[in-house]
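We did not get these values from a lab; they are worked out from the coordinates using the rules stated. Source: prediction; values computed, not measured. So basically every Cβ, Gly included, is an ideal-geometry build from the backbone, and we count neighbours across all protein chains shown.
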Amino acid sequence: MASKWKFTIKDFAEKPEIFMSGHRACAGCGPAIAYRQVLKAARGPIIATNATGCMEVVSTIYPYTAWGIPWIHTAFENVAANAAGIETALKALKKKGQLKYDHVDVIAFAGDGGTYDIGIQALSGAAERGHDFLYVLYDNEAYMNTGIQRSGGTPHGAWTTTSPAGRVIPGKVEYKKPIGAIMVAHDIPFVATASIAYWLDLVRKARRGLEAEGPAFLHALAPCPRGWRYDTSKTVEIARLAVETCVFPLWEAVDGEYALSAPSKVIALKPERKKPVKDYLKVQGRFRHLFVPEFEHVIGEIQQIIDRRWKRLLKKCGMT
Amino acid sequence: MAITKQNLRALNGDEAVAYAVKQSDVDVVSAYPITPQTIIVERFSEYVHNGEVDTEFVCVESEHSALSMCLAASATGVRVFTASASAGLALMHEILYVTSGARAPVVMAIANRALSGPINIHCDHSDSMVERDAGWIQIYVENSQEAYDSIIQAFRIAEHNDLLLPTMVMLDAFFLSHTLESVNVLPDETVRKFVGTRKIPLIRGHRGKLVPFKLDPENPITMGPLDLYDYYFEHKRQQEEAMQRAPRIIKEVHDEYARISGREYGNGLVEPYRLEDAEIAAVCLGSTAGTTKTVVDQLRSKGIKAGLLRLRTYRPYPVKDIINTLENVKAIAVMDRSHSFGAHGGPVFHEIRHVLYDASIHPHVVDYIYGLGGRDMPQSLIHEIYKDLQKILETKRVEKPVQFIGVRE
């Protein structure tokens, strides 16, 4: 399934925008960057569907829209079922000779709440049934649209309004759900992680996801200045730090075979390049409460889980 | 037009629905099994696996996804169908509103079943009554023949470009869904011709030009946007305006179908039975109407001026027809197969009494909650109801405006 497709920064600049300017995302919005990058991977006609969430809200306040392609939103927990419905309808139209195109790509967009939590049933069902679509998870690690509440994608120790930095409990108790591994376990053709800091890697993976025949899952880390509590100019920097600290390693699994992507592979080959998670945590206000003597052990816990997961990933990628 | 020659088949209600869907050139069916609707999806699966239909049939992981799939497929421009009941319909609740708000003409069959808890698989109307405000057209059928006929009509009604209203057809659990009946079916080509192909209306797109109202890469539109206080209200009002147009379309489709099939159900909205000179009458929905007609005949043979009004459509609510057919009746018993706890009677009672307030004379109207969880409603109990009405007629007094019937005290 290796993609022969080549992409340069010049192509990127010349490709027409599908996700257009004028939307109402916050300054420094990571998800908006992720959307723009994913849609740069377009190879032909696309129909998109979006779960309820920040990006649905900021891009479609009636009567305005930022979408240059057909797009539908229906609810929060069902975006994978919507994608399945569109894909099935296209199949029916094609069978009847009523589809004007050889193929139409279908992309489902959802945040972490719509994926890890309320939408996982529909996602799992659609993956099991093998619908041909690309599911893009833009992960800003909390329910940002409703004002920063914890989700299954929120990391351990992070402050949110429902996992506050209390005097007794310092932020989120639980750990981030390994959603990528869950999707690989569905035995679908393509699963990958990506970070908006590594745009070429992200666009290339989005393209491979579109080219895959069957369900493809792209997990894009997309920092949120409002929810993560950092200056709006730091979004890309933090997205890069997540990879450099192995908090969010970049990999892909083609037909279940894991392989590290270049930015993480470098760290695997030269472990001295792996930065401590502290570097990532200290630049974000959502972890600020951990930098006091009584809660410093939580930083140790985070380092431990990150190391354990990184080791496990290296094993899956045959790098140990 | 001459009445088409038809085949008599032994079908239960679910099978009659599946057969109608098979003949209606449906592009996408997405459903989840739930008793007593299951036979619909089982029969349809057989049609698919035996190559008798072209339909894309998707067995999803929940009713929520079943309707979500149908909604998105419908928005892509194809004809869709799903079926459910009880808890399954309740799980769809959220998406029922999204579907009608998106003006997606989804057709759905409901095998009316009690809601949990306690869990019960048998007939009452609680599941669909709770969805009466969801913006769907609701058609309640009396028998399996009508289930077959109504499903075919439903595609024409839902997809009519003056409406674009999702439509649900209700058949009583087990009494209809699982009971074998002689059903006349039209030839495939007759149904195919009657339903036609789905026509997509043109709407004003984002750049002001007329574009088809569907997800179309050539003419991209944004569907289901965030719609706040500055436009939401107008969009909801448009749904009501479409509902106001619905009675005319439902009647037209019903009449056209009657001309080819030879079967009619009142005027398509209500079916009055021996009501012209009736002094006492019952009002009900669904299969109970069949039993009640027998009771009316028995009473008439004794010279008692009894009648029945069966509501076929519950949404749109046939206000004018109810007033016209009931205003000269002196005492009316509404039969509710669902209940609104803590309210003064069931939903059908509320609305019948409510519209009769606008009638020139106000008859006595009483309510009987019956048959919850599949409790049988035999002729003897219906006779009791008419006896009560006769008493009201004599005494001109109502002792109990709302009561449960057929229940242990």
- prompt: For chain A, how big is the tail of P(r) above 26 Å, as a whole percent of Cα pairs?
  reply: 44 percent
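DSSP loop (so not H, G, I, E, B), at most 11 other Cβ within 10 Å: list which trypsin sites (Lys or Arg not before Pro) in the stretch B:287-384 pass both filters. Please list the in-between numbers first.
Working: sites: B:K293, B:R300, B:K302, B:K305, B:R310, B:R312, B:K320, B:K330, B:R337, B:R353, B:R375; in loops: B:K302, B:K305, B:R312, B:K330, B:R337, B:R375.
Qualifying residues, ordered by number: B:K302.
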- request: For B:N112, enumerate residues with amide H under 5 Å from its amide H, sequence gap 5+ or separate chain, H modeled in the peptide plane.
  value: B:L171, B:D172, B:A173
- prompt: How large is the dipole of the stretch B:270-405 about the Cα centre if only Lys and Arg carry +1 and Asp and Glu carry -1, each at its Cβ, rounded to the nearest 20 debye?
  reply: 140 debye
field: Estimated translational D of the stretch A:108-153 in µm²/s (Stokes, Kirkwood radius over Cα pairs; 20 °C; 1.002 mPa s)
entry: 196 µm²/s
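Rounded to the nearest 500, what is the 222 nm mean residue ellipticity of chain A from helices alone, with -39500 (n - 2.57) per DSSP H run of 4+ residues and division by all residues?
Details: 12 runs with 116 residues, N = 320.
After summing the helix terms and dividing by the residues of chain A, the value is -10500 deg cm²/dmol.
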- request: Just report the Cα centroid separation between the stretch B:346-409 and the stretch B:162-236, whole Å.
  value: 36 Å
task: Between the alpha-carbon centers of the stretch A:248-320 and the stretch B:116-133, tell me the distance in whole angstrom.
output: 51 Å
query: Relative contact order for chain A using alpha-carbon pairs under 8 Å, separation at least 6, rounded to a whole percent?
result: 16 percent
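Apply 1/(1 + (r/R0)^6) to the Cβ-Cβ distance of B:A2 and B:N324, taking R0 = 41 Å, and write down the FRET efficiency to the nearest 0.05. Mind showing how you got there, number by number?
Numbers: r = 31 Å, r/R0 = 0.77.
That pair, B:A2 with B:N324, gives E of 0.85.
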statement: Karplus-derived 3J(HN,Hα) from phi for the stretch B:242-248 (6.51 cos²θ - 1.76 cosθ + 1.60, θ = phi - 60°), whole Hz, x at Gly and Pro, runs 5, 4, 5, 7, 4, x, 4
- prompt: Going toward the positive end of the dipole of the protein assembly as shown, with +1 on Lys and Arg Cβ and -1 on Asp and Glu Cβ, which of A:A142, B:T288, B:P187 do you reach last?
  reply: A:A142
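Hey, which of these cross-link pairs are over 23 Å Cα-Cα: A:K6/A:K311; B:K22/B:K193; A:K234/A:K282; A:K270/A:K316; B:K22/B:K236?
Details: A:K6/A:K311 32 Å; B:K22/B:K193 14 Å; A:K234/A:K282 13 Å; A:K270/A:K316 18 Å; B:K22/B:K236 33 Å.
Result: A:K6/A:K311; B:K22/B:K236 exceed 23 Å.
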- line: Nearest-0.05 FRET efficiency for A:K10 and B:I119 at R0 = 56 Å, using Cβ-Cβ distance, is 0.30
- prompt: Given a cut-off of 17 Å, what percent of all Cα-Cα pairs of the stretch B:75-164 lie beyond it?
  reply: 50 percent
message: On a straight-distance basis, which lysines could pair with B:K293 in a cross-link, Cα separation under 30 angstrom, same-chain partners fewer than 8 positions away excluded?
response: B:K5, B:K251, B:K302, B:K305, B:K320, B:K330, B:K387, B:K391, B:K396, B:K400
- request: Sequence neighbours fewer than 8 away in the same chain don't count; with that in mind, list the lysines whose C-alpha is under 22 Å from B:K209.
  value: A:K100, B:K199
- prompt: Relative to the compact globular guide of 2.2 N^0.38 Å, what is the alpha carbon radius of gyration of chain B, as a ratio?
  reply: 0.98
- prompt: Hey, got the dipole for the stretch A:48-117? About the Cα centre, +1 on K and R Cβ, -1 on D and E Cβ, debye to the nearest 20?
  reply: 540 debye
task: Return the long-range amide H neighbours of A:A108 (sequence gap of 5 or more, or a different chain), with a cut-off of under 5 Å between placed amide H atoms.
output: A:T49, A:L134, A:Y135, A:V136
task: Give the residue from B:H206, B:Y357, B:G307 lying farthest towards the positive end of the charge dipole for the protein assembly as shown; charges sit on Cβ (+1 for Lys and Arg, -1 for Asp and Glu) and the dipole is referred to the Cα centre.
output: B:H206
message: How large is the Kirkwood hydrodynamic radius of the stretch B:357-409, counting all unique pairs of alpha carbons, in Å?
response: 12.5 Å
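Other chains' Cβ within 10 Å of B:225-238 residues: what's the mean?
Numbers: counts 14, 11, 4, 3, 0, 3, 3, 1, 0, 0, 1, 0, 0, 0.
Partner Cβ neighbours, averaged per residue: 3.
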Paramagnetic label zone (point 7 Å from Cα along Cα-to-C-beta, B:E42; backbone N under 20 Å) in the stretch B:10-26: B:10-23
Hz values of 3J(HN,Hα) by residue in the stretch B:261-266 - Karplus curve (6.51, -1.76, 1.60), Gly and Pro given as x: 9, x, 10, 9, 10, x
message: Taking the 0 to 90 degree range and rounding to the nearest ten, how far is the long axis of helix B:63-75 tilted relative to the main principal axis of chain B, both from C-alpha atoms?
response: 60 degrees
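Treating only the Cβ atoms of Lys and Arg (+1) and Asp and Glu (-1) as charged, compute the dipole magnitude of the stretch A:9-316 about its Cα centre; round to the nearest 20 debye.
On the way: 40 positive and 31 negative charges, 98 e Å.
Dipole about the Cα centre, nearest 20: 480 debye.
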statement: Mean per-residue count of partner chain Cβ within 10 Å for A:59-66 equals 5
message: Cα atoms only: what Rg and Dmax, in Å, come out for the protein assembly as shown?
response: 29.5, 101
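Going by how many other Cβ atoms sit within 10 Å of their own, how do A:W310, A:W251 line up, fewest first?
Working: A:W310 19, A:W251 22.
Neighbour counts put them in this order, fewest first: A:W310, A:W251.
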statement: Along the stretch B:49-59, Karplus-curve 3J(HN,Hα) (6.51, -1.76, 1.60; θ = phi - 60°) to the nearest Hz, with x for Gly and Pro, reads 6, 9, x, 8, 9, 8, 4, 7, 10, 10, 8
message: I need B:E252, B:E181, B:E142, A:E213 ordered by Cβ neighbour count within 10 Å, fewest first.
response: A:E213, B:E252, B:E181, B:E142
Where labels lie 7 Å past Cα in the beta-carbon direction, separation of A:K315 and B:Q379 in nm: 7.6 nm
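What order, most packed first, do the peptides B:273-283, A:289-299, B:29-39, A:79-89 have when packing is the mean number of other Cβ atoms within 10 Å of each residue? Walk me through the numbers before you get to the answer.
Working: B:273-283: 20.3, A:289-299: 14.5, B:29-39: 23.7, A:79-89: 31.6.
Descending mean neighbour count gives A:79-89, B:29-39, B:273-283, A:289-299.
How shielded is A:118-127 by partner chains, expressed as the average number of their Cβ atoms within 10 Å of its Cβ atoms?
Per residue, the average neighbour count from other chains is 3.
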- request: Relative to the compact-globule scaling 2.2 N^0.38 Å, provide the ratio for the alpha-carbon radius of gyration of the stretch B:270-405.
  value: 0.94
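Can you sort A:Y62, A:Y135, A:Y198 so the residue with the fewest Cβ neighbours within 10 Å comes first?
Details: A:Y62 15, A:Y135 28, A:Y198 22.
If I rank by nearby Cβ atoms, fewest first, I get A:Y62, A:Y198, A:Y135.
Taking the square root of 5 times each eigenvalue of the Cα gyration tensor, what semi-axes in Å does the equivalent ellipsoid of the stretch A:122-273 have, largest first?
On the way: eigenvalues 143, 76, 40 Å².
Equivalent ellipsoid of the stretch A:122-273: 27, 19, 14 Å, largest first.
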- prompt: Expressed as an acute angle from 0 to 90° and rounded to the nearest 10, what is the orientation of the C-alpha long axis of helix A:30-39 relative to the principal long axis of chain A?
  reply: 30 degrees
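What is the percent of Cα-Cα separations in the stretch B:1-87 that go past 16 Å? Don't skip to the end; give the middle numbers.
Values: 2021 of 3741 pairs.
When every Cα pair of the stretch B:1-87 is considered, 54 percent fall beyond 16 Å.
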- line: Residue-normalised 222 nm signal for chain B, counting each DSSP H run of n ≥ 4 as -39,500 (n - 2.57), nearest 500 deg cm²/dmol, is -12500 deg cm²/dmol
